[in-house]
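One structure is given here, and the rest of the page talks about it.
The values are calculated or read from the model by the stated rules, or taken from the named source; none is laboratory data. Here the structure is a predicted model, which means the values were calculated and not measured. Glycine also receives a Cβ, built like all others from the backbone with ideal geometry; neighbour counts cover every protein chain displayed.
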Amino acid sequence: MKVLNLYAGIGGNRKLWEDVEVTAVEMNPKIAEIYQDFFPDDTVIVGDAHQYLLEHFEEFDFIWSSPPCQTHRQIRFNIGFKANRKYRKVSAVYPRMDLYQEIIVLDNYFSGQWVVENTIPFYTPLIPAVRVANHIWWSNFNIRKIKVGNRNHRGGTVKSLQYRKSLNLDKYDITNKRQILRNCVEPEVGLHILNESKIELQPELFK
């Protein structure tokens, strides 16, 4: 299976995948270097994942996309803006529409299996989606519920998040490690999503 892993970060979603040929796209060169160190057999491209998808989607069997979530986040709106409007701590921003652009392109142009992941937004999603494992998912296959432990995001330290995500950044000279780890999809969730896509393609393997 040829997999395109967009906005790859350091590869939390990819950690438990096996028997796949992965191309990962990450904009930040330092983060891309860490991903390549973790997954030396993957092809890592430093660049714009949004544009790469448009130009290369036909080359893959399965596409995973995790576009930036900051402008869609509940916590930014509910705590940063709504709860602090008097003090103007956080300003209003336009939610990034590249999220929905990718869903529309994948749903209409792509013939393989695809999933787009994001934070649960502060508004009603413009395109219906499912909520699984504290994320929101758009896909062309069914995604069943999965039990996951505490994500440890709000009060988690770098050490505890590294343990939770099974990814260690101690040796890397990079800032904002906590945020990088928080951006990672939990490895067991990443595996669950990939397996859910395979059920539709090869149901005999999951009887």
Identify the residue in the range 14-32 that is in contact (Cβ under 8 Å) with a residue 60 or more places away in the chain and over 25 Å from N195 (Cα atoms) and, among all such residues, is surrounded by the most Cβ atoms within 10 Å (Cβ to Cβ).
I31
Considering only the range 101-135, state which residues are of a type in the set (F, W, Y) and modelled with pLDDT under 95.
F122, Y123
Among the residues of the range 194-203, the number that are modelled with pLDDT of 95 or more and either outside any helix (DSSP H, G or I) or farther than 23 Å from N168 by Cβ (or both) is 3
Residue that is surrounded by the most Cβ atoms within 10 Å (Cβ to Cβ) [pool: residues in the range 104-123 that are within 13 Å of L54 (Cβ to Cβ) and within 18 Å of the chain's Cα centre (by Cα)]:
L106
